[in-house]
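Engineer: So that we are looking at the same thing, I have put the structure below in structure tokens.
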Amino acid sequence: MVKNVGVDFFCYHRDRPGSVTLREELLEEHWSYMDRYATAMVARGPTLAGDGDTPTGSVHIVGLPDSAAARAFAFDEPNYQAGVYRDVLLRRWRNLLGRTMWDFPGGRAGGNRYLVLGLGAGQAADLAVPRTGLCCPTTAPPGWVPQCCSGRRTQTRHVPS
């Protein structure tokens, strides 16, 4: 298991339309992967459509050694590798409360909870897009321009849709 080392990252994987069946098929692989990071998790869970049941993505706030480890966490995730997600938002996170989601009472029955994101004015953690080391699935998600790297596809940049 990964130990929280003091640098938190916010990772939001947004689902592709029509990927619910594939997501359900990969549930065990997803949980197995996340179990490796259990001690480093600050928060995690699905994002849901207006019906409150249909998943639209996954949010994870996790403590990792550095931005390279955060990219590996985000892009090695089984749902990403299989093409469930259409894009990924990865940012450094400041846990100003110093608590994890497990420190709060409630749960699903504890009332409506919402995550509101505001992008700060500061400089991004990574201004340069990595050119190697992030291997994509054989079929790259729409908007990703792959670059060949030792026979493997490597994510080089995101093309906005």
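Engineer: Taking amide hydrogens as modeled 1.01 Å from N in the peptide plane, which residues meet the under 5 Å criterion relative to Thr100, leaving out close sequence neighbours?
Structural biologist: Close amide H contacts, sequence-distant or interchain: none at all.
Engineer: Follow-up. Could you list which residues have their amide H under 5 Å from that of Tyr37, counting only those 5 or more apart in sequence or on another chain, with H placed in the peptide plane?
Structural biologist: Amide H neighbours of Tyr37: Val2.
Engineer: Ok, one more. Which whole-Hz ³J(HN,Hα) couplings does the range 85-90 yield from phi under the Karplus relation 6.51 cos²θ - 1.76 cosθ + 1.60, θ = phi - 60°, glycine and proline marked x?
Structural biologist: Taking θ as phi minus 60°, the curve returns 8, 9, 7, 9, 10, 10 Hz for the range 85-90.
Engineer: Give me the one-decimal nm value for the distance between modelled label points at Ala72 and Ala38, 7 Å along each residue's Cα-to-Cβ direction.
Structural biologist: For Ala72 paired with Ala38, the spin-label model returns 2.1 nm.
Engineer: What are the ³J(HN,Hα) couplings of the range 34-45, residue after residue, when phi is run through the Karplus curve with 6.51, -1.76, 1.60 and θ = phi - 60°? Round to Hz, x for glycine and proline.
Structural biologist: Values, residue by residue: 5, 4, 5, 10, 3, 6, 9, 6, 9, 7, 6, x Hz.
Engineer: So, by mean Cβ neighbours within 10 angstrom, what's the order for 53-61, 67-75 with the highest one leading?
Structural biologist: Values: 53-61: 17.3, 67-75: 19.0.
Sorting 53-61, 67-75 by mean packing, highest first, produces 67-75, 53-61.
Engineer: Another question about this same structure. Return the long-range amide H neighbours of Arg16 (sequence gap of 5 or more, or a different chain), with a cut-off of under 5 Å between placed amide H atoms.
Structural biologist: Amide H to amide H, under 5 Å and 5 or more residues apart or across chains, Arg16 pairs with Tyr85, Arg86.
Engineer: Determine the gain in length on full extension of the stretch Glu24-Thr100; use 0.36 nm per residue of separation and subtract their C-alpha separation, reporting nm with one decimal. Write out the running numbers ahead of the final one.
Structural biologist: Values: separation 76, 0.36 × 76 = 27.36 nm, distance 2.62 nm.
Stretched fully, the Glu24-Thr100 segment lengthens by 24.7 nm.
Taken together, the values in this text are just the output of simple stated rules run on the coordinates, not laboratory data. Just so it is clear, the structure is predicted and the values come from calculations on it, not from any experiment. As a convention, Cβ positions derive from the backbone with ideal geometry for all residues, glycine included, and neighbour counts pool all protein chains shown.
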